[in-house]
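Below is one structure, written out as structure tokens; comments come after it.
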Amino acid sequence: MKNIFQALSILIVIPLFLILPWQKTSAQSQDTIKLMSYNLLHYPIVNDELADTSLRNPFFRTVMQSADPDILVVAELMSSSGLTGFLNAVLNANSINYGKSTYVPSNDSDRGLFYKTSKFIFVSNTPITTQLLEILMSLS
């Protein structure tokens, strides 16, 4: 059930992004956007952030470098430090290519959104509360 709602939140997020033009040309060009959803499984591990640094982050870096998403939506963040920590220790470990949305806590495990700063500009995000869960709407 959570996967359905996570997919729904992704579908809401996709149209809310504005693609930045790379160059001014007289002809319209199109670009492909790579969207990825990933479950971080309680990131960071509460009371054991060393486990994330030494054990999980290297694996996360391998996956993210291979996938190279333009937009990354993550599930099961445990705190705002998890959002910032994943950005700095995983996505921007070798070079600064990604930005993040603002952290919005929820009643369940939290979600986060990362984007390539070469393609997007973050504008805002707002939780949409439903009877089942909160959906995070982001504008970039």
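Here are some notes:
- Region 39-75: number of residues that are buried (at least 18 other Cβ atoms within 10 Å of the Cβ), within 12 Å of Arg111 (Cβ to Cβ) and not β-branched (Val, Ile, Thr): 4
- Members of region 79-107 that are among the polar types (S, T, N, Q) and part of a loop (DSSP other than H, G, I, E, B): Ser79, Asn92, Asn94, Ser95, Asn97, Ser101, Thr102, Ser106, Asn107
- Scanning region 65-79 for residues that are within 13 Å of Tyr43 (Cβ to Cβ) and either of a type in the set (Asp, Glu) or under 13 Å from the mean Cα position of the chain (by Cα) (or both) yields Leu72, Val74, Ala75, Glu76, Leu77.
- Of all residues in region 109-126, exactly one satisfies the criterion of being assigned to a loop (DSSP other than H, G, I, E, B) and surrounded by fewer than 12 Cβ atoms within 10 Å (Cβ to Cβ), namely Ser118.
- Residue check: Glu76 meets all listed conditions (1) closer than 12 Å to Met36 by Cβ; (2) part of a strand (DSSP E or B) but one, namely (1).
A short reminder: the numbers here are calculations on the coordinates, not readings from a lab. Quantities reported herein were computed from a predicted structural model and do not represent experimental measurements. Positions of Cβ are generated from backbone atoms using ideal geometry, with glycine treated the same way; all protein chains shown enter the neighbour counts.
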